[in-house]
Amino acid sequence: MTTPNTIAAMFESVCNRYTGRTDKLVYARKRGGQWQGITHDELRLQVEAFALGLLSVGLVPGERVGIVSENRMEWVVADFAMACIGIVDVPVFPTLTASQLADIFQDCSASAVIVSTRLQAQKIASVLDRMPSVRRILVLNDDAVVDPSFLTYASVSDMGRQNDDATTRRSKISAMIQRVHSDDLLTLIYTSGTTGQPKGVMLSHGNIMANIAGGLAAIPMSEADVLLSYLPLCHSYERMAGYYLAFSVGATTYFAESIETVAENLQEVRPTVATSVPRLFERIKMRVEHTASRGGAIRKAVFDWAIDQGRAWQEGDRSLLRKAMCALADKLVFSKIRDRTGGRLRFFVSGGAALNVDVGGFFNVVGIPFLEGYGLTETSPVLAVNRIGDQTLGTVGPPLPNVEIRIAPDGEICARGPNVMKGYWNNPAATSEIIDADGWLHTGDIGELDNAGRLRITDRKKHLIVSSGGKNIAPGPIEQEVLTSPLIDQIMLVGDGRDFCTALIVLDDEALKERFRTLGSVVSDVVSERHSNETKRLITAELSAIQKNRSKFERIRRFAILDEPFTVDNGLMTPTLKVRRKAVEARWHDVIETMYKDIHE
């Protein structure tokens, strides 16, 4: 049997494999408080109908079609439908503004846009005059028809079913699948644009299929696995690792209701594999530690003892006594922590940002291994990942088997392989800047390879702070180090072109209240207490202890405590929870300037 070399062929192959399997779910979502699943046969019928419907309304292979939607079953159906008939989809974050949507869909000359809700439909309707190429608007929710010309998802699917029986529909789609080639463009994914204008990353069917092959050689997954998906499907990390990769092996994916319900959904779904960004893991660890500290002196002592036993085991003490102590620690503490994630997790996959070594070590101790990976949208996206049995904290593991990694003389990580993008849409100049004549993609990240070939990321090249004294400072490791303080929830280092480093800090209010309680004080108004002299002394002491091994030029000399956190909604974080540094600097420009006033060396 020929190995599929396109997403379209993979879809057909997997559906053929599970034909007639009413006991096997491919996806599930929650409706009316109950989880409802869908089989491969049901998914295939929906994909075929919608694909033929798209052709019925005048769309043709090679055209670009936008998707503005949160995670939902219709997103998956639309994506597979377009892949099967050669249409290029352009998925974007639904948090984008109307103007941002217009910029993207005008740039790629989109022929149609699929939107989910009334809000998204209104945004698109307000900028239609800026997108002259858009001929059709399709809405997923019936109440999102804000203009008579808009078509509903249901009506387009009905058009696809109208003239043919199921056998004929399948034959038509199968014939079109055969005409899709590996080098054909599958998707345009616009970079999040933390700096500058977003660029359309051109990923072919072959790019993604190569990444699936490399991923499966490194990450053990099978049809027995159950995944919980909550990251945006429009982001390349979740689309590959939590969507295409899982589908290719026949695993079952449950879509979380929202990011706010992940903790609850973990216990309901009881996944065996979960993909996430580090921020979720950091919050789980903090909540576990907070619960232990609130449980009284004895409970806290038992928790700390258990962690000590686990760490000793992880560090190589495999004596019979330590083994017995770890078994007791598991019964008393670790098993209860694992139960909070459903109790069946074989491993977490972490990506999208650097994982704090302390956080990864904590989960390894409690018996939930971490496979931290690294990649870029431009590389489909995975380049490297840790392996089961060799989760070396502080690294992102060795490259995938079909990926080459080298470190440039200036420390920049360069990658080459079949997963590297075709280029940026309509932007050959930007393409040539990132991909050299030998096919090496310059990632913009700084790193090193250890003796075993594992990759370690030290920072983002474009985020390097260069002090006025000419010192290069990588903010990422310093920020991760400071976040080990339970009092500090978020931080952003400042210092480019300055004499010294300062920081904008968002406190963890609950941790602050708890610290005051242990000091014998009761805090009734945590908002006002954030800026008290005692709080500033506490943070100063935390920073001093954390930074004692840092060079003088790397140390945070001053800090400002903010009342507003960095969030996606306020535009200070990307949808994958990375801080938009320039946006934060602009928002608190005056605060930053104040930190640099009246300083005498």
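How high is the FRET efficiency from Ala175 to Arg287, r the C-beta distance, R0 45 Å, rounded to 0.05?
After rounding to 0.05, the efficiency reads 0.25.
Show me the three semi-axes of the equivalent ellipsoid for the chain, from the C-alpha gyration tensor (sqrt of 5 times each eigenvalue), largest first, rounded to whole Å.
42, 29, 25
Which value in Å is the Kirkwood Rh of the stretch 391-528 over different Cα pairs?
For the stretch 391-528, the Kirkwood estimate is 18.4 Å.
How much length is gained on full extension from Ala98 to Ser528, taking 0.36 nm per residue of separation minus their Cα-Cα distance?
151.1 nm
May I ask for log10 I(q)/I(0) of the stretch 251-386 at q = 0.16, 0.20, 0.21, 0.22 Å⁻¹, from a Debye sum over the Cα atoms as equal point scatterers with solvent left out?
Those come out to -0.90, -1.27, -1.35, -1.43, one per q.
So what is the relative contact order for the stretch 329-478, in percent, with contacts set as C-alpha pairs under 8 Å and at least six apart?
That works out to 15 percent.
I want to verify the translational diffusion coefficient of the stretch 1-140 in µm²/s; compute it with Stokes-Einstein, Rh as the Kirkwood radius over Cα pairs, at 4 °C and 1.567 mPa s.
Translational D for this selection: 81 µm²/s.
Only helical DSSP H runs with n ≥ 4 go in: add -39500 (n - 2.57) per run for the chain, normalise by residue count and round the 222 nm mean residue ellipticity to 500 deg cm²/dmol.
Calculated mean residue ellipticity at 222 nm is -11000 deg cm²/dmol.
Between the alpha-carbon centers of the stretch 535-566 and the stretch 428-464, tell me the distance in whole angstrom.
Distance between centres, Cα-based: 30 Å.
Work out how much length Ala217 to Thr19 would gain on full extension: take 0.36 nm times their residue separation and subtract the Cα-Cα distance, in nm to one decimal.
Here the answer is 68.7 nm.
If amide H atoms are built 1.01 Å from N in the plane of the peptide, which residues on other chains or at least 5 residues away come under 5 Å of the amide H of Asp489?
Residues meeting the amide H criterion: Val506, Leu507, Asp508.
Can you give the Rg to Rh ratio for the stretch 184-316, taking only C-alpha atoms and Rh from Kirkwood?
1.08
State the three equivalent ellipsoid semi-axes of the stretch 465-595, derived from the C-alpha gyration tensor as the square roots of 5 times its eigenvalues, in descending order and whole Å.
Those come to 24, 18, 13 Å.
Taking the Cα centroid of the stretch 319-333 and of the stretch 363-394, what is the distance between the two, rounded to the nearest whole Å?
Here the two parts' Cα centres lie 27 Å apart.
FYI, it's all coordinate maths here, none of it is from the lab. Just so it is clear, the structure is predicted and the values come from calculations on it, not from any experiment. Don't worry about glycine lacking a Cβ; one is built from the backbone with ideal geometry, like all the others, and counts go over all protein chains shown.
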